Structure formats: C-alpha cells, structure tokens
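**Q** Dropping a structure here in structure tokens format, bear with me for questions.
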Amino acid sequence: MNIPDTQGLPLLAILGWVVLGIILLVLLTKTFRYIPNTRVGIVEKLVSRRGSVEKGLIALTGEAGFQPEVLRGGWHLFVPFMYRIHKVPLVTIPQGKIGYVFSRDGQDLPPTQALASNVRANNFQDVRAFLANGGQKGPQRMILREGTYAINIAQFVVITEDQTYYLPLDRSELETFQKMSAIIAERGGFRPVIIRGTDDSVGIVTVHDGPSLHSGEIIAPTVGEDPAVPSTYHNNFQDSDKFLLAGGLRGRQYQVLVEGTYYVNRLFATVELIPKTVVEVGTVGVVVSYTGDKGADISGQDYRHGELVAKGQRGVWSEPLLPGKYAFNTYAGKVSIVPTTNFILKWTKGEVGSHKFDENLSEVSLITKDAFEPNLPLSVVVHIDYRKAPLVIQRFGDIKKLVEQTLDPMVSAYFKNIGQTRTLIQLIQDRSNIQSQSSQEMKEKFLLYNLELQEVLIGTPTSGAPGGQIEQILIQLRSRQIANEQVETYERQQSAAVKERELREAEAKAKQQTLLTESAIGIEVQSNQGKAEYAKAQQQAAQIQTLAGAEAEKVRLMGEGEAKRIKVMAEAQAEQAARVGVAQALAIEEQVRAYGGPQFQLVQQVMNRFAEAIEKSQVDVVPKINMGGGGQQGGGSVIESLLGLLLSQKVSDMAGIVTTTPRDPMAEKLREDLKRQMGN
C-alpha cells in the first residue's frame with residue numbers, strides 16, 4: 001500500500017483523511033458487533049419504517065424498540081445507527097437454588113389471578129413464543145431451577161438469592177423488585193422445601209393463587225392424584241398450572257408434603273412444617289375431621305351425643321388410628337390421643353400423672369358422721385377399650401373434659417355420701433371395705449360413659465393443716481397400736497424366756513444324762529421292790545380283813561346280846577320309875593286336896609320361893625321411905641303388889657287351868673294300877 005506524501009498536501013486534505021478514517025471506524029464499529037460467550041446481547045431497534053411499538057415493550061414485527069431475540073456470543077452484522085446493543089450477563093441459578101421470573105410485557109392478569117400462568121417458552125428464553133402464546137405480565141408461576149439461561153432481561157426480570165437480573169428502564173422498578181425479593185426471602189423461597197426423615201415433619205401447603213374455597217369450607221380438598229388423568233397431576237404443588245387445571249383451590253390444602261425435596265414457587269404456595277402425629281404404643285388416636293363429605297351417623301338412633309362417621313367424612317371417625325406415625329393435617333382435623341392401657345387419676349393436689357388429665361383435681365372434702373371435715377386423697381384406675389375410644393371422644397370431646405366435667409363431680413359426690421355415714425375412726429379403720437365397696441358400685445356408673453373402672457385406691461384422710469384434730473386422732477391411734485405391739489412384744493419376749501428356760505433345762509438334763517439314767521434305773525428297781533411289797537401288803541391286808549371280819553361278827557353278836565339285856569333292864573327300871581312317879585303324883589294329889597285345893601298349894605310354893613329369894617337378896621320387906629300420898633288408894637310397895645297379885649283371882653284362874661289339864665293316858669293307867677294295888 002502506498003502512503004501518500006502528506007508533505008505537499010494541504011492541511012485541509014489531512015483533516016479530511018482523518019475524518020474519513022474516523023467515520024470508517026465508527027461505521028465498522030456499528031456494523032460489526034461482538035458478544036462474549038459469557039453474555040448475551042439485547043437488541044434495541046432505534047429506527048424503523050414500521051414506526052415504534054404501539055403496545056407493550058417488545059417489538060414483535062420489526063418496530064422500533066426492544067427486539068424479542070437476544071444475541072449470543074460471536075460477531076454480528078448490523079446496519080449502522082439503526083440498533084443499540086445491550087450486553088448483559090447470562091442468568092445463572094446456583095445448584096440447589098430457585099430463580100423467580102417477572103414479566104414486563106404480556107397480557108394483563110385478571111382480578112382473580114395472583115401469578116401469571118406458565119407458557120411453554122423454553123424457560124423464558126423464547127420471548128416471541130411467550131408473547132405469542134398469551135404470556136402474562138407480572139410474577140410468573142413457573143420458576144427456574146439451577147442452570148444458566150440466555151434470557152432477554154429487558155422482557156423478563158429474574159430474581160435470585162444473590163442478585164437480580166434486569167435491564168434498568170425506570171428507577172421505580174428497582175423498589176418493586178426489591179420488595180418482591182424480600183417476600184421470597186422471608187418465605188425461604190430461594191431454596192427448595194426439604195423435609196428430612198429424621199425430622200418427623202409434614203409440610204402444610206397454603207396456595208395463594210387460584211379460585212377461592214367454597215362457602216363453609218376451611219380446607220381445600222386433594223386434587224390431581226387420579227392416575228387416569230396424568231396431565232392434571234401437579235407433582236406435589238411443583239407444577240402450579242397443572243394444580244389449577246385439576247381444580248385446585250386457593251387456601252390451606254388438605255394434602256400434605258412428606259419426606260423429600262420440593263421445588264415449590266413460594267409466591268404460589270407457602271409450606272409450613274409441623275410435627276407428624278405420633279400415636280404411641282398403648283394409645284389410639286381418635287380423628288375429629290373438620291372437612292370432608294357429610295356422612296351418615298353410624299352410632300345408632302339411641303346415641304345422641306354427636307355423630308360417628310366413616311373414615312374420610314366430616315365428624316368423628318369410627319375407626320381410631322392405631323399406634324404409629326401419621327402425616328396428618330392438623331388444620332383439617334384433630335387427633336385426640338386416648339390411652340388404652342390403664343391410667344391413674346389422682347385426686348391429690350400437687351400430684352399429676354404424665355397424661356395430665358388430673359392436673360386440676362384435688363382431695364375430696366368430706367363431712368363425717370361425727371362432724372369432722374377431712375380431705376380424702378384417692379386414686380382411680382381406669383381403662384378405655386380402643387374400640388370404644390371414638391364414642392368417648394364423640395361424647396366428651398377429650399379425656400380431660402371427661403375427667404373434669406363428669407368423673408370429678410361423680411366421684412366426689414359418691415365419697416361425700418360415704419363420709420356422711422361413718423365417723424372419722426370408722427372411715428380410717430374401714431378403708432379396705434370402703435375401697436372394695438366403691439370399686440364394685442362405681443363400675444356400673446363408669447360403664448355408662450364407656451369406661452372400665454379397674455380399681456379404687458383410698459388414701460389416709462387429712463385435715464389439710466398440720467396439727468389438726470385428725471392428726472391428733474391419728475396420733476392416738478398410732479399410740480394405741482404401739483401399745484398393742486408392745487404387749488405382743490412382751491408376750492413374745494415372755495414366750496422366748498420360757499423357751500430359753502426349757503432350753504437351759506434341756507442342756508442341764510443333757511449334762512446330767514448319766515445321773516438321770518442311773519436314777520431312772522434306781523427308780524425302776526425301787527418300783528419293782530414296791531410292787532413286791534405292795535403284793536405282800538395286799539396279802540396281809542386280806543388276812544387282816546378276814547380276821548377283822550370274824551372279830552366284828554363276834555363283837556356284833558356280843559353287842560346284840562348285851563343290847564337285849566340292857567333293854568330288858570331298862571324296861572324294868574322304866575316301869576319301876578313310872579310306878580314310883582305315879583305313886584308320888586298320887587301322894588301330891590292327896591296333899592293338894594288336903595290343903596284345900598291346888599291354888600293354895602301353888603300359893604304356898606310361890607311364897608316359899610319368894611321367901612328364899614328375899615333371904616338371899618337381903619331386900620327390906622317393909623320400905624324405909626313411903627312415897628305414897630295421903631288419901632290415895634292402891635299405894636304400897638312392890639312386894640305388896642306382888643302379894644296382892646298372887647292372892648288375886650288371876651292366880652286362882654291359873655291354878656284352875658292347871659287342875660283342868662288332861663293327864664297322860666299311860667300315867668292314868670299306872671295311876672289306876674297303883675290304886676288297885678293300894679286298895680288290895
């Protein structure tokens with residue numbers, strides 16, 4: 001190439017060449033555009049015979065404006081001054097992250113729609129297809145998974161956790177994108193939903209787009225799981241368009257997410273993790289469903305405590321959940337855990353079981369027959385048949401309400417009645433009988449509530465305050481029992497002492513066993529000698545007895561002879577005495593007659609005895625002092641009175657009585673005999 005000689009050229013020519021070079025350079029720069037492979041070029045057409053875009057942002061028919069296609073890496077030829085090329089980075093979504101797309105152009109969203117429906121546009125890389133197929137402006141339901149995308153960020157704004165990909169058009173847009181990013185970050189939307197098996201959690205999904213729930217519904221029903229219609233299967237809310245196409249509704253969903261990883265658009269649906277429903281061994285779970293079809297009551301016409309329905313229907317399910325783990329949506333229903341093993345209800349303040357059914361129970365306040373007011377602690381062992389657990393929940397709502405609203409007043413009233421029929425001492429001493437009686441009588445009452453009473457356990461009554469009267473009585477009873485125990489102890493000690501003495505005697509006997517043996521032999525020898533002497537004595541006794549018998553017979557015969565002799569002599573002497581007596585009597589009788597009668601004889605004898613008495617006693621016959629008054633009759637001494645008495649008619653009467661007394665017949669006979677003998 002020949003270089004012109006500029007030395008002879010004028011200055012104007014030089015300037016012309018410079019300008020021409022610059023123009024050529026600019027033309028080349030505007031005609032040939034280079035796009036690095038790490039970027040894309042967004043074409044903005046500046047001049048067009050078709051004019052500017054009248055509607056929207058993207059020029060689909062060659063108008064002036066942003067063109068739908070992007071430029072990939074390499075050289076590109078353009079008409080100079082007709083285009084502006086914006087070089088922007090490729091959109092990159094890191095591994096395990098999610099990108100959200102906001103469309104600047106497209107059809108307007110209807111009032112009932114929150115997110116733009118997904119249009120198959122090669123993951124938003126085909127703007128023309130997106131707009132041609134009815135793509136909508138605004139936040140999109142479809143999300144971007146990990147990868148690198150050549151997206152026209154003049155049409156689509158891509159929000160990731162690390163940055164926002166967009167072509168600035170207006171400063172006000174930045175604030176909108178920042179708010180959108182903050183909402184997504186708050187919901188944890190840049191990462192997928194991960195439910196690990198070790199967490200024992202389930203995901204409760206709440207959809208924020210789509211038709212609203214029907215009136216009266218609180219949970220959206222499960223949709224899109226019919227294998228006959230695979231096109232409507234929404235893949236656990238990861239395909240929002242299919243979910244809505246299958247009839248999904250806005251709101252909290254009945255279907256839950258279990259273990260796994262789910263790429264869910266958090267602008268479309270949020271996920272709340274709740275624990276799984278665990279039914280432990282020894283319990284069952286009774287389901288009270290808040291959703292589902294209205295079912296027929298299967299509890300029977302006579303049972304009026306609520307409806308019992310089949311599984312899946314609204315109401316209390318007739319089939320309880322057996323022990324295990326369940327991905328149950330607790331917003332769609334409640335699972336009441338009912339123990340099927342024996343559980344204890346304690347009417348003791350401060351003591352609470354692990355189930356906490358009895359945390360509001362306290363001792364039963366009693367009034368005894370003797371006006372004491374003790375507090376009775378007790379425990380009740382209860383069992384619930386797992387097949388009857390739904391009936392219990394249907395009737396009472398839960399076990400705690402059953403305990404507090406029914407069992408507590410029933411048990412308290414029963415034991416209050418028992419307390420009024422017994423004194424405090426009887427209440428303490430008859431605890432076992434009361435316990436057995438209450439267990440039997442209360443079983444029937446518990447059966448009315450579908451409960452099985454196993455046992456009633458009664459504690460010791462207390463006064464509620466230390467040192468009360470009840471405690472004093474208990475101290476007295478304890479003292480009495482201690483005294484009884486001491487008596488028994490003393491008796492046992494006495495018995496032990498006796499046994500010890502017997503032991504000592506046995507030991508002493510053992511030590512003297514030789515002497516005992518010799519003495520026993522001596523006793524046996526002496527016994528034999530005694531037996532010989534006894535036999536000899538018996539022979540001598542027999543001999544003596546024989547001799548004594550003969551001698552006795554001799555004495556008897558001699559005695560009988562002597563007796564007869566004495567009898568004859570006695571009879572003779574008696575007859576002689578009788579005769580002498582009769583003779584004397586006759587002589588006396590003749591003497592009496594000679595005195596002139598028996599009264600004179602009596603007076604004579606009395607006077608003789610009287611004179612003898614005066615002589616012996618030396619009493620004055622004539623008193624020395626006369627106490628009688630003058631002129632009074634009947635005065636005199638005692639002796640004169642006595643003499644007068646003897647001489648009175650009374651003595652005569654007594655003598656007449658004597659003379660008139662009948663004689664003894666034998667004496668009369670003897671008298672007659674004597675008279676005859678004397679007359680002869």
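**Q** So if R0 is 35 Å, what FRET efficiency would I85 and L245 give, r being the distance between their Cβ atoms, rounded to the nearest 0.05?
**A** Details: r = 40 Å, r/R0 = 1.14.
For R0 = 35 Å, the calculated efficiency reads 0.30.
**Q** Next question, about the same structure. Positive end of the dipole of segment 39-101, charges at C-beta (+1 Lys, Arg; -1 Asp, Glu), about the Cα centre: which of V43, V53, G99 has its Cα farthest in that direction?
**A** Value computed over the given set: G99.
**Q** Then there's this: Tell me, what is the FRET efficiency for D385 and I425 to the nearest 0.05, using R0 = 41 angstrom and their Cβ-Cβ distance as r?
**A** Numbers: r = 40 Å, r/R0 = 0.98.
FRET efficiency, D385 to I425: 0.55.
**Q** From the phi angles alone, apply the Karplus equation (6.51, -1.76, 1.60; θ = phi - 60°) to segment 119-132 and give each ³J(HN,Hα) in whole Hz, x where the residue is Gly or Pro.
**A** With the stated coefficients, segment 119-132 comes to 10, 5, 9, 6, 6, 6, 8, 10, 5, 4, 5, 4, 6, 5 Hz.
**Q** Which ordering of T423, T176 is given by a fewest-first count of other beta-carbon atoms within 10 Å?
**A** Working: T423 15, T176 12.
Ascending Cβ contact count within 10 Å gives the list T176, T423.
**Q** Taking a threshold of 19 Å on the Cα-Cα distance, which of the pairs K87/K137; K311/K356; K388/K443; K346/K443 fall above it? Before the final figure, lay out each step's value.
**A** Details: K87/K137 24 Å; K311/K356 29 Å; K388/K443 16 Å; K346/K443 17 Å.
Where the Cα-Cα span goes over 19 Å, the pairs concerned are K87/K137; K311/K356.
**Q** Mind putting a number on the dipole of segment 465-517 about its Cα centre? Charges go on the C-beta only, +1 for Lys and Arg and -1 for Asp and Glu, and I need it in Debye to the nearest 20. If you can, show how the numbers build up before the last one.
**A** On the way: 8 positive and 8 negative charges, 36 e Å.
The calculated dipole for segment 465-517 is roughly 180 debye.
**Q** Dipole of segment 284-462, Cα-centred, from +1 at each Lys and Arg C-beta and -1 at each Asp and Glu C-beta, to the nearest 20 debye? Intermediate values should be presented prior to the final figure.
**A** Numbers: 20 positive and 20 negative charges, 72 e Å.
Rounded to the nearest 20 debye, it is 340 debye.
**Q** Same structure again: Note down the net charge around E173, summing +1 for each Lys or Arg and -1 for each Asp or Glu among other residues with Cβ under 14 Å from its Cβ.
**A** On the way: positive: R104, K137, R171, K179; negative: D105, D170, E175.
Overall, the nearby charge balance is +1.
**Q** How far apart, in nanometres, would the label points at Q493 and N360 be if each is projected 7 angstrom from Cα along the Cα-to-Cβ direction?
**A** Placing both labels 7 Å beyond Cα along the Cβ direction yields 5.7 nm.
**Q** Determine which lysines satisfy two conditions relative to K554: a Cα distance under 19 Å, and not lying fewer than 8 residues away in the same chain.
**A** K564
**Q** Just add up the charged neighbours of G99: K/R +1, D/E -1, any other residue whose Cβ is under 9 Å from the Cβ of G99.
**A** Working: positive: K97, R145; negative: E146, E161.
The answer is 0.
**Q** Within the set of other residues whose C-beta is less than 14 Å from the C-beta of S48, count the net charge using Lys and Arg as +1 and Asp and Glu as -1. Could you put the intermediate results ahead of the total?
**A** Numbers: positive: K45, R49, R50, R84; negative: E44, E54, E63.
Surrounding charge for S48 is +1.
**Q** Return P(r) of segment 465-517 (all Cα-Cα pairs; 10 Å bins starting at 0; whole %; ordered from short to long distances).
**A** Percent of Cα pairs in each bin: 22, 22, 18, 15, 11, 8, 4, 0.
**Q** Please list the three semi-axes, largest first and in whole Å, of the ellipsoid equivalent to segment 284-462, using sqrt of 5 times the eigenvalues of its alpha carbon gyration tensor. Let's see the in-between values first.
**A** Details: eigenvalues 277, 50, 32 Å².
That gives 37, 16, 13 Å for the three semi-axes.
**Q** Assuming R0 = 25 Å, can you tell me the calculated FRET efficiency for the pair E672 and E571, based on Cβ-Cβ distance, to the nearest 0.05?
**A** Numbers: r = 20 Å, r/R0 = 0.80.
The formula returns an efficiency of 0.80 here.
**Q** In whole Å, largest first, what are the principal axis extents of the Cα atoms in segment 143-241?
**A** That works out to 45, 38, 28 Å along the principal axes.
**Q** Take every Cα-Cα pair in segment 443-552 and report what % of them are more than 25 Å apart.
**A** Considering segment 443-552, 72 percent of its Cα-Cα pairs are separated by more than 25 Å.
**Q** Give the Kirkwood hydrodynamic radius (Å, one decimal) of segment 24-115, defined as one over the mean of 1/r across all pairs of different Cα atoms. If you can, show how the numbers build up before the last one.
**A** Numbers: mean 1/r = 0.0646 Å⁻¹.
Kirkwood radius, segment 24-115: 15.5 Å.
**Q** Now for a separate question. Could you work out how much longer the chain between E404 and A114 gets when fully extended? Use 0.36 nm per residue separation minus the Cα distance between them, nm to one decimal. Show your work: numbers first, answer last.
**A** Numbers: separation 290, 0.36 × 290 = 104.40 nm, distance 4.87 nm.
Extra length from E404 to A114 when fully extended: 99.5 nm.
**Q** Distance in nm between label sites at V278 and E69, each 7 Å beyond Cα in the beta-carbon direction?
**A** 6.2 nm
**Q** Give the peptides 288-300, 316-328 in descending order of average Cβ contacts within 10 Å, highest first.
**A** Values: 288-300: 14.9, 316-328: 17.8.
Result, highest mean first: 316-328, 288-300.
All of the numbers you see were taken from the coordinates with simple rules; none came from a lab. Bear in mind that the values here come from a model prediction, so they are computed numbers and not experimental data. Here Cβ is always computed from backbone atoms with ideal geometry, including for glycine, and neighbour counts include all displayed protein chains.
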